[in-house]
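The block underneath contains the structure these notes are about, expressed in structure tokens.
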Amino acid sequence: MKLGLLLLATSLPIAAFAQNSGTTVNSSTEYPNTFSSGSANVKPFDNKSRRFRDWSISVGGGPAFMVHSDLKSIRKDKTNWGYNAYISVDKQITHAFGLSLMYMRGETKQTAQLPGAAGVKSGIATATTQFDNISLLGDINFSNLFRRVDNHSPYRWAFHGYMGIGLQGFRTSLHDNDEFRWSNTPRRTPLFIKQDIDINSIFYQGGVGIKYNVSKLIDVEARTMYIISGDDEFDGGGWADPNDYDPSTPGSKYNMLNSRRSDNAWTVSLGVSFKLGKHESHLAWHDPLQEAYYRTSVLENASTDLVVCEKGDADNDGVCDDWDRQLDTPAGARVDGAGVALDMDLDGVIDLYDKCVTVPGPVENNGCPVK
């Protein structure tokens, strides 16, 4: 019994569909139609179908400081200001994640003093670090990632987080009043260190930023980044060979002022992003879910007037002309759902004029049989 009902339930829709030639599925190599999987309103997945921008170029700059190092830019009595400048090419992958290829150039100034008698003799040492780095940054748009689903309002501010890796080169100089000074007697020079950009100069950086959407073409951003050099020579404090960490060996031990073996820097910058493309919005400001929620809300709150019989009912048979198959039905005739006058006995005389509704007969005899 159950098997019979199952077969009936599956076969009836198939049979009904097959009898109606008007709903035959037409195959298409370009778009799916209404009766295939997917929507009939589908565009090819290419660059022309995009509804937003996803490329931009960013430039910016600001101060830079050597921190968490042997020689530091920020001390209790004085702050030594440096600078940084960057340019990046940015690609938004999704509304919440992007990638940036960034080049940064900067300079820091830092100071330190050796402990004890060596510090009295050398005085306050000053160092300068000039650096160039190339990095690949991941960009997480936290404002899009954690945006509430019931927030349908447009927004102009966004909070971003950055993390990346790259290659860094630098040039440092260290000056003091003793070992690292210009002198002919005895022969002495400041300490100069140079690190070229190569596979051994890997560094890491991370930070946060706040962006403001000025227009469809421009964003401005305040950003702060922390640079982990992985190199104890980055602050100019000296070479990082094993002997340089041995107190019994000669030479000033600036690299032993701090126990960490990575000199790190901190940058603060104000930048501008130029959004490329012709679309109205950029993907970083375009949340697909918010668009879907917004459109659903519009449909739910829209007051739609129900239009019945848009084309009217010319023959007043109660069937709208939109789907009436007999637009000139005689007045007073009963009709079926398609607006066709009824002929119960199928003798060619509609029931309105048929004197014998249940018995077929010729038209000449008003639908009644000839005796």
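Observations on the model:
- Residues in segment 234-291 that are closer than 30 Å to LEU217 by Cα, of a type in the set (Lys, Arg) and open to solvent by less than 40 Å² (accessible area, probe 1.4 Å): LYS275 alone.
- Residue count for segment 50-80, restricted to those that are in contact with a strand residue (DSSP E or B) (Cβ under 6 Å, 6 or more places away or on another chain), β-branched (Val, Ile, Thr) and either open to solvent by 60 Å² or more (accessible area, probe 1.4 Å) or closer than 28 Å to ARG260 by Cβ (or both): 3
- Pairing each residue of segment 248-259 that is assigned to a loop (DSSP other than H, G, I, E, B) with any residue that is polar (S, T, N, Q) and surrounded by fewer than 18 Cβ atoms within 10 Å (Cβ to Cβ), provided the two are 6+ apart or on different chains, yields C-beta distances under 8 Å for THR249/ASN243.
- Test: residue in segment 74-83 that is touching a Gly at 6+ places or on another chain (Cβ under 7 Å) and modelled with pLDDT of 95 or more: yes
- Tally of residues being part of a loop (DSSP other than H, G, I, E, B), touching a residue at least 40 places away in the same chain (Cβ under 8 Å) and under 19 Å from LYS109 (Cα atoms) across segment 214-230: 1
- Count of segment 112-137 residues which are out of contact with any helix residue (DSSP H, G or I) (no Cβ under 7 Å at 6 or more places or on another chain), closer than 25 Å to GLN195 by Cβ and either among the acidic types (Asp, Glu) or not in a helix (DSSP H, G or I) (or both): 13
- GLU310 being more than 25 Å from PRO360 (Cα to Cα), out of contact with any Gly (no Cβ under 8 Å at 6 or more places or on another chain), acidic (Asp, Glu) and in a helix (DSSP H, G or I): no
- Residue in segment 106-114 that is within 20 Å of GLY62 (Cα to Cα) and either open to solvent by 40 Å² or more (accessible area, probe 1.4 Å) or free of Cβ contacts under 8 Å to residues at least 24 places away in the same chain (or both) present: yes
- Of all residues in segment 301-329 being of a type in the set (Ser, Thr, Tyr) and loosely packed, with under 10 Cβ neighbours inside 10 Å, the one that is modelled with the highest pLDDT: SER303
The values are calculated or read from the model by the stated rules, or taken from the named source; none is laboratory data. Quantities reported herein were computed from a predicted structural model and do not represent experimental measurements. Here the Cβ is made from the backbone with ideal geometry for all residues, glycine too, and neighbour counts use every protein chain on show. The area values use the complete protein model at the heavy-atom level, side chains included, leaving out ligands, DNA and RNA. Shrake-Rupley method; radii C 1.70, N 1.55, O 1.52, S 1.80 Å.
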